[in-house]
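A short worksheet on the structure shown next.
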Amino acid sequence: MRISPFFIICGVFSIFILAFISFPLAKMILAPPLSSLILALRDGEVTQAIGLSLYTALWASAISFLFGTPLAYILARKEFRGKRFVESVVDVPIVIPHPVIGIAILSAVGQGTVMGEVLRSIGVKIVGSATGIVTVLTFVGAPFYINAVKNAFEMVPVRLERVARTLGASELKAFLLVTFPLSARSALSGLLMCSARAISEFGAVVVVAYHPMTASVLIYERFTSFGLRYSQPVAVLLITISLSIFIALRIITSSRR
Amino acid sequence: MIEIKDLVVEFDGFSLGPLSLKIGKGEFFIILGPTGAGKTVLLETIAGLYRPSKGQILIEGEDLTSLPPERRGIGIVYQDYSLFPHLTARRNIEFGLRLKGMPKGERERRIQELAQLLGIGHLLDRYPPTLSGGEGQRVALARALAPRPRLLLLDEHLSALDPKIRERLAGELKRINRETGVTFIMVTHEIKEALVLGDRVALIRDGRIEQVGGPEETVASFLGQ
């Protein structure tokens, strides 16, 4: 098949952008010797930080799923005054600088605030805790899930739900048996995006909880304290573990198609 | 007997009614009207998918007006079939039976009964996207009939099919109506369907019923305007 000049030009530009993305990543991944990767794997601080990143990202995804799914469904199915405003509120965490998110969270539930004191009185600590990290990660990750699943709900014809209702399904059952199964793949993609965003978050986390350290905070700390050589192995491990999880999930979900 | 009394539905600037109708048990009743006359809204209101602002809907004297769709015992088949694409034809037909809590053996018997009635036995393990228009319509009909509805609503049921299949399915529809004894209300803008299928025909225009009568006289009136 003959390739048109237009596609050749597109291909040249594509190669440029792909190289731009992959070259620094490849350099970083290939830079540390295997021995330093093994050392990093044996370093308790590193494994703990990566474990905390995954654990908090998982919680953030679960919370986004639990509270984001109903919101996405309302936005997909209902027209109401202020809907555009609500949609903009959902998008806010995507567009504002992430340290600002950390500051916003501290302003709402930090020490000395009414909400912060209420939470403290019931034993919930936000600043410098895993709970604080989960709060921040939910804030930054939820919009990715909500938008993905909202678009999926919009793609399911309302008539399918209506038919389900006439066949004896309540609104909840019509949602659970028809709408959600038809949106499940997009919901999972949204959750993956939400988790990916959460794992990679640094700016907001560092404001709310420098300790306990997530992987991205540890990478930053090692970079500023010891330089590039000490931060690279942790970064490579984080990328490898995260990528393996996401690829495995993608394979599992696509094999169920 | 299905009785619609002074029904008014209003939403998004559209107004249906006030309209009243009486439809006999087992009757094949046609609502004939042009696009945008409010035919589908009327069907969906009868099914409980829209709440009327005034009026009543009664079946055998029981007031259904405030009942949710799942408690009305009314089936609906849309023009686009609206089969659940993630379920096989069998699971589509079984959907309402499972919700009723019917035991497995009984469900299977009912599926086979409907498969025989509609000639879809060979399609039961197929997914909706692999079915042709006519096959999809039959499966949708079987799904709606499965929970033994008191009333079946057909929204432009045959319009999406090519003329040959449409003619054959029209004959089958009439047969199924007779054999099951279920009351059918079908909305259409096709005069021929009204003449072939209807025991009686109602003419709807701009959200109001203009005339109810035998197929010939109502269609003549429709054409005369």
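The values are calculated or read from the model by the stated rules, or taken from the named source; none is laboratory data. Here the structure is a predicted model, which is why all the values come from computation and not from measurement. With ideal geometry, Cβ positions are generated from the backbone for all residues, glycine too; neighbour counts draw on all protein chains shown. Heavy atoms of the whole protein, side chains included, go into the accessibility calculation; ligands, DNA and RNA do not. Shrake-Rupley method; radii C 1.70, N 1.55, O 1.52, S 1.80 Å.
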Exercise for the section: Looking for whichever is open to solvent by less than 50 Å² (accessible area, probe 1.4 Å) and under 22 Å from A:A235 (Cα atoms) here; the options are A:A72, A:A40. Which one fits? Expected result: A:A40
Handout entry: Of residues in the range B:95-108 being open to solvent by less than 50 Å² (accessible area, probe 1.4 Å) and within 10 Å of another protein chain (Cβ to nearest Cβ), the one nearest to B:L151 (Cα to Cα)
Key = B:G96
Problem - Search result, residues across the range B:143-171 that are open to solvent by less than 40 Å² (accessible area, probe 1.4 Å) and within 12 Å of another protein chain (Cβ to nearest Cβ) - result: B:R143, B:A144, B:L145, B:A146, B:P147, B:P149, B:L151, B:L152, B:L153, B:D155
Exercise for the section: Filter the strands (runs of 3 or more DSSP E) completely within the range B:130-225 down to those with at least 1 residues that are farther than 18 Å from B:G75 by Cα. Expected result: B:200-205, B:208-213
Problem - Qualifying helices (runs of 4 or more DSSP H) (wholly inside the range A:77-161; at least 1 residues being among the acidic types (D, E)) - result: A:83-95, A:114-121, A:130-155
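Got a sec? Which of B:L83, B:L118 is within 13 Å of chain A (Cβ to nearest Cβ), closer than 23 Å to B:L141 by Cα, out of contact with any strand residue (DSSP E or B) (no Cβ under 9 Å at 6 or more places or on another chain) and surrounded by 13 or more Cβ atoms within 10 Å (Cβ to Cβ)?
Working: B:L118 fails: within 13 Å of chain A (Cβ to nearest Cβ).
Unique residue meeting the criteria: B:L83.
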Handout entry: Matching helices (runs of 4 or more DSSP H) fully within the range A:172-257 where at least 3 residues are over 14 Å from the mean Cα position of the chain (by Cα) and closer than 30 Å to A:I126 by Cβ
Key = A:203-208, A:215-226, A:228-255
Problem - Subset tally (residues that are modelled with pLDDT of 85 or more and either surrounded by fewer than 18 Cβ atoms within 10 Å (Cβ to Cβ) or within 22 Å of B:E10 (Cα to Cα) (or both)) for the range B:190-205 - result: 5
Practice task
Please note which strands (runs of 3 or more DSSP E) are completely contained in the range B:1-79 and include at least 3 residues that are within 14 Å of chain A (Cβ to nearest Cβ).
Solution key: B:74-77
Exercise for the section: Could you grab me the full set of residues in the range A:185-198 that are out of contact with any Gly (no Cβ under 9 Å at 6 or more places or on another chain) and over 25 Å from A:K83 (Cβ atoms)? Expected result: A:R185, A:L188, A:L192
Handout entry: Among (1) under 24 Å from A:L71 (Cα atoms); (2) crowded, with 16+ Cβ neighbours inside 10 Å - the single one A:A108 does not satisfy
Key = (2)
